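*Asks:* If you scroll down you'll find the structure; I have some questions about it.
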Amino acid sequence: MKDKQNRINRRNFLRTVGAAGLAPVAASLASAEEKVAPSSSIAAARPQKPKTPPIPLRRLGRSKVKVSSLCLGGNSNLIESQIILRKALESGVTYWDTGHNYAGGNSELGIGRFLTKNPEARKKLFIATKASYAKNVKETEERLQLSLKRLNTNYIDLYFGVHFMSEPEQLTDELRKWAIEAKKRKLIHLFAFSTHKNMARLLAHAAKLDWIDAIMTVYNFRLRQEPKMQAAVEACHKAGIALIAMKCQAAGPSAKWAKQDVEIETEADKKLVGYFEKKGFTQGQAKIKVVLQDKRFSSVCVGMDNMSLLNANIAAVKDKTKLSRADMQVFSEYARATCSGYCAGCADICDAALPEAPYVSDIMRYLMYYKSYGQHDEARRLFAKIPADVRNRLSNTDYTLAETRCPQHLPIRELVSEAIDKLA
Ligand code: SF4
C-alpha cells in the first residue's frame, strides 16, 4: 500500500513538471518572475526556499569538485535567456556550459551579463567554456582571454582546450604545456576536451594521459550498448577522468524535432512515449535518467532554452526512481527499431570508405542541428566550414560502400543530398 502510494506521489510529481503539465508550471514561473521587483540581486529575486529536494551533486573525476548532475547547456543566445539562468541557479543547476562559438558569442555574453548583475553568483557557479576551432595554442590563448572578458570572470572552472576533437593528435605536447601554465596562472582550474566523433577511440587514448581532467562526450541510451564505448568509459573512469554526457536525447539527422516534446513519427516513438508515460515520465526525462543511472558520469549536459524544458529536466534528475531492467530493455528495442535515424559518430568507418569525402558524420550532425534543434544558421555556418573542394564533390560521390559498412544502416546518400539542399 505504502509502495503504491509512493509510486503515485512520484508519478504526480513528474507529471506536474513533465510535458503534460509543463505549460501551467511555466506560466506560474513566468508570472512569479514578473512579480519580483526588478533587482540586480539574486538574493532579492529568491522568493522562497525550494520545497523539493536539491539537485544531486556528483564528484568531477579525481578532482575534489562536485557539480550539479544536470548541466545547463548554453548553445543559445543567453543574453535573451536571463530568466533561464536565474531559475537554473535558484534550482541548483549550478554547472553551466558554454562555448566560444555558441550563438556567435552571445551565449558567453549572456552569462557575462548575468554575472555583471549578480556578481555574488560567481562563487556558486561552475562555468565551462571551450576554445572552439582553435588551431594552435596561440588561438587557444586568444579564445580563453576573450571568453574571460565576455563572461566577466577571472577564471574558468573547466576549460575545453579542444572542442570537437576528432583525432588524438590534437592533444599536442604544446597544448599540454599550455594547460599546465594556464592552471598556474589561475585562469583555468581544470582542462578538458569534447568529442562528437570517434568517441570510443579518443576516450581510450585520453585514459592513458595524466593531464586530461574531464571529457565531454556524446553518450546516450544507444551508445551505452556499444562494447567499445563501454570499455573506453570504464578506462577513463578508472583513470579518474571526469565524464560529462551530452546529446543524451540521441537525436539524429532524420528526426524532425527530438527535444523533450518529441514529434511522434513512428510506431516505435509511440511505443516509447506510451511506455514511459505510464510510469510518469516523458521520454526525454527517461533518456536523462538512463545516462545518470551510470554513476561513472558526473553530469549530463542538456540544452534548455525554455522554462518548460528546464523544469522537466530538473524533475527528472531529482526523482530517485531507478530505471529497471525492463525499462532498459524498452530502450534497447527502441534503439534497434530506430537505428537508421541516428548517426553514432563512428566516423572511422565511413571515413575509410569515403577517403575523398571524410565528413559524413559531421554532415549528419549538422543536419541534426538543422532539423532536430532548429539551429538553421549554425548548421549552415558549420557546413560552410567543410573545405570547398569536398563540398563540391558531395553530390557526385558514390556512398554505396559507406552505406554497406555503416552499423546504423543510415541512408547516407539520401541524407547527404538533403543536407546539400538545406545547408549549402
Ligand atoms: S554515417 Fe554510419 S558509419 Fe558514419 S559515423 Fe554515422 S553511424 Fe557511423
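The values are calculated or read from the model by the stated rules, or taken from the named source; none is laboratory data. All values reported here derive from a predicted model rather than from experimental measurement. Please note: Cβ atoms are built from the backbone with ideal geometry, for glycine as well, and neighbour counts cover all protein chains shown.
*Asks:* Name, by its number, the condition in (1) surrounded by fewer than 21 Cβ atoms within 10 Å (Cβ to Cβ); (2) in contact with a Pro (Cβ under 8 Å, 6 or more places away or on another chain); (3) not polar (S, T, N, Q) that does not hold for G92.
*Replies:* Tallying (1) surrounded by fewer than 21 Cβ atoms within 10 Å (Cβ to Cβ); (2) in contact with a Pro (Cβ under 8 Å, 6 or more places away or on another chain); (3) not polar (S, T, N, Q), G92 fails exactly one: (1).
*Asks:* Do you know which of the residues in the stretch 179-203 that are surrounded by fewer than 20 Cβ atoms within 10 Å (Cβ to Cβ) and of a type in the set (A, V, I, L, M, F, W, C) is nearest to R62 (Cα to Cα)?
*Replies:* I180
*Asks:* Identify all residues within the stretch 327-352 that are of a type in the set (S, T, N, Q) and either touching a strand residue (DSSP E or B) at 6+ places or on another chain (Cβ under 8 Å) or closer than 17 Å to M229 by Cβ (or both); write none if there are none.
*Replies:* Of everything in the stretch 327-352, just one residue is of a type in the set (S, T, N, Q) and either touching a strand residue (DSSP E or B) at 6+ places or on another chain (Cβ under 8 Å) or closer than 17 Å to M229 by Cβ (or both), namely S332.
*Asks:* Checking A388 against (1) within 15 Å of the ligand (Cβ to nearest atom); (2) surrounded by fewer than 14 Cβ atoms within 10 Å (Cβ to Cβ), which single condition isn't satisfied?
*Replies:* Going through the list (1) within 15 Å of the ligand (Cβ to nearest atom); (2) surrounded by fewer than 14 Cβ atoms within 10 Å (Cβ to Cβ), A388 breaks only (1).
*Asks:* Of Y399, Y373, which residue is in contact with a Leu (Cβ under 9 Å, 6 or more places away or on another chain) and either crowded, with 16+ Cβ neighbours inside 10 Å or modelled with pLDDT of 95 or more (or both)?
*Replies:* Unique residue meeting the criteria: Y399.
*Asks:* A follow-up question, please. Considering only the stretch 284-400, give the helices (runs of 4 or more DSSP H) lying wholly within it that have at least 2 residues that are farther than 29 Å from P411 by Cα.
*Replies:* By residue number, 307-318, 325-337.
*Asks:* Let me ask something additional. Inspect all residues belonging to the stretch 197-210 and state whether any of them is under 23 Å from V330 (Cα atoms) and aliphatic (A, V, I, L, M).
*Replies:* No: zero hits.
*Asks:* Just to confirm my filter: which strands (runs of 3 or more DSSP E) fall fully inside the stretch 121-221 and include at least 1 residues that are farther than 30 Å from C350 by Cα and within 21 Å of the chain's Cα centre (by Cα)?
*Replies:* Fully inside the stretch 121-221 and qualifying: 126-130, 156-165, 188-195.
*Asks:* Right, something else. Suppose the filter is part of a helix (DSSP H, G or I), surrounded by 11 or more Cβ atoms within 10 Å (Cβ to Cβ), within 11 Å of the ligand (Cβ to nearest atom) and touching a residue at least 60 places away in the same chain (Cβ under 8 Å); does L415 pass it?
*Replies:* Against the criterion (part of a helix (DSSP H, G or I), surrounded by 11 or more Cβ atoms within 10 Å (Cβ to Cβ), within 11 Å of the ligand (Cβ to nearest atom) and touching a residue at least 60 places away in the same chain (Cβ under 8 Å)), L415 qualifies.
*Asks:* Which of the residues belonging to the stretch 357-371 are more than 15 Å from D421 (Cα to Cα) and away from the ligand (no atom under 15 Å from the Cβ)?
*Replies:* The answer is none; no residue qualifies.
*Asks:* Sticking with this one: Report, by residue number, each residue of the stretch 277-326 that is under 24 Å from Q230 (Cβ atoms) and surrounded by fewer than 20 Cβ atoms within 10 Å (Cβ to Cβ).
*Replies:* Q293, D294, K295, R296, T321, K322, L323, S324, R325, A326
*Asks:* Mind checking which residues of the stretch 117-166 are without any contact (Cβ under 8 Å) to a residue 24 or more places away in the chain and among the polar types (S, T, N, Q)?
*Replies:* Q145
*Asks:* Of the residues L70, L78, L144, L85, which single one is assigned by TED's automatic domain parsing to the domain that holds T195, modelled with pLDDT of 95 or more and touching a Phe, Trp or Tyr at 6+ places or on another chain (Cβ under 6 Å)?
*Replies:* It is L85.
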